[in-house]
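Beneath this line is the structure, given in structure tokens, with notes to follow.
The values are calculated or read from the model by the stated rules, or taken from the named source; none is laboratory data. Everything quoted here is computed from the prediction, not taken from an experiment. All Cβ positions, glycine included, derive from the backbone under ideal geometry; neighbour counts span all protein chains shown. To get the accessible areas, we keep the full protein, side chains included, count just its heavy atoms, and leave off ligands, DNA and RNA. Shrake-Rupley method; radii C 1.70, N 1.55, O 1.52, S 1.80 Å.
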Amino acid sequence: MPYVTRFAPSPTGPLHLGHAFSALTAYRRAEVQNGRFLLRIEDGDTSRCRPEWEALIYADLRWLGIIWPEPVLHVTAREGIYANALKRLDELGLIYPCSCTRRDVMNALSAPQEGAPMGPDGIVYPGTCRGRSMTTYQPGEAIRLDMAKAVDYLGDVSRFSWQETGPYETGPHRLNTDQLIHGVGDIVLARKEIGTAAYHLSVVIDDAAQGITEAVRGADLMEATQIHRLLQALLDLPEIAYHHHRLIRDEDGKRLAKRSDAKAISKFREEGLSPEDVKALIGL
Ligand code: GLU
């Protein structure tokens, strides 16, 4: 199968060194395997995404020497497709509406002061709205996956595996019932409106639509991969490999935040650095 990968930035700010590392790692992996490198713009959060940031992403990537085929996939163009996937999960009886705010979730935890159980998607949902039917869905509510039902529907989830091709935990991985139910829990699949898919749902659907064979991304998403593999299994989407690369940190060892403009590629450009200088800064 020909190699296909992608870079999936959110246009919520300038690309920084961490993004450059991610995009270049994906681009080079495609190059050495005579494969394809695609772009996917994660512009689903319309309150934070801006066309100016998207234009800057393109300019920065070109400056780094990266090219990609058009058209670029935009998350905002795919609401109907995500809604169809939710409909399918609804027909299987695996989703429910949820009106809980963050505060509701904290209040429902038996002993929040002892530290809420954390999964790859944040606090493991205590299940307040579980059991509600989708017929009671009100616009503005979120939609959650009933993890126990999803696992039950799939049967032996250890059948579902994936390859980690990055430097950490390299090798085959498998889904695990206990981990999914207690360590991940009932994740949010859509926020506020049926078509506004949450990241986990849109990324899985779009990776399949773009024919991605290996997702290249930061090691911070390593733990979320089990969610992606589970959704692929539920939606009959193909298994893909995952390559989680090291994170670029600042001088204090802190992960570069998305909004850390100090390390913006555009800033290095303005200061007169060359693309090679920027590559050297991130060890490439
Ligand atoms: N926009 C996501 C990020 O920057 C992409 C995650 C992914 O590649 O799956 O972390």
Quick check: residue separation of Ser266 and Gln33 times 0.36 nm, minus the Cα distance between them. What number comes out in nm?
80.9 nm
Order of 241-247, 132-138, 197-203, 177-183 by packing, highest average Cβ count within 10 Å first?
197-203, 241-247, 177-183, 132-138
Under a crude label model (7 Å from the Cα following the beta-carbon direction), how far is Glu52 from Asn107 in nanometres?
4.0 nm
Stretched out fully, how many nm does the piece from Ile282 to Val72 gain, at 0.36 nm a residue minus the Cα gap?
73.0 nm
Report, in deg cm²/dmol and to the nearest 500, the calculated mean residue ellipticity at 222 nm for the chain, where each DSSP H run with n ≥ 4 adds -39500 (n - 2.57) and the sum is divided by the residue count.
-9500 deg cm²/dmol
Dipole magnitude of the chain about its Cα centre (Cβ charges: Lys, Arg +1; Asp, Glu -1), debye to nearest 20:
120 debye
Over the chain, average the accessible area per residue using a 1.4 Å probe and give it in Å², no decimals.
48 Å²
Cys residues of the chain with no disulfide-compatible partner (no other Cys Cβ under 4.7 Å) are Cys49, Cys100
Rounded to the nearest 10 Å², the accessible area of Glu70 using a 1.4 Å probe with every protein chain kept is 130 Å²
Taking a straight Cα-to-Cα line shorter than 19 Å from Lys149, and setting aside same-chain aspartates and glutamates fewer than 8 residues away, one finds Asp90, Glu91, Asp121, Asp178, Asp186, Asp236
For the chain, what relative contact order do you get, as a whole percent, if you take Cα pairs closer than 8 Å and at least 6 residues apart?
24 percent
Can you tell which of Ile81, Asn34, Trp68 lies farthest toward the positive end of the dipole of region 1-108, using +1 and -1 charges on the Cβ of basic and acidic side chains (Lys, Arg; Asp, Glu)?
Asn34
Please report the relative contact order for region 132-275, taking Cα pairs under 8 Å with a sequence separation of at least 6, and give it as a percent rounded to a whole number.
25 percent
Return the lysines within reach of Lys279: Cα separation strictly under 20 angstrom, same-chain partners fewer than 8 residues apart disregarded; answer none if there are no such residues.
Lys254, Lys258, Lys263, Lys267
Where Lys254, Lys149 fall by accessible area, highest first, once all protein chains stay in place (1.4 Å)
Lys254, Lys149
The alpha-carbon pair-distance distribution computed for region 1-127, with 10 angstrom bins and whole-percent values, is 10, 27, 27, 25, 10, 1
How much length is gained if the chain between Ala59 and Asp178 is pulled fully straight, taking 0.36 nm per residue apart and subtracting their Cα-Cα distance, in nm to one decimal?
38.3 nm
Accessible carbon and sulfur surface of the chain relative to its total accessible area, %, 1.4 Å
50 percent
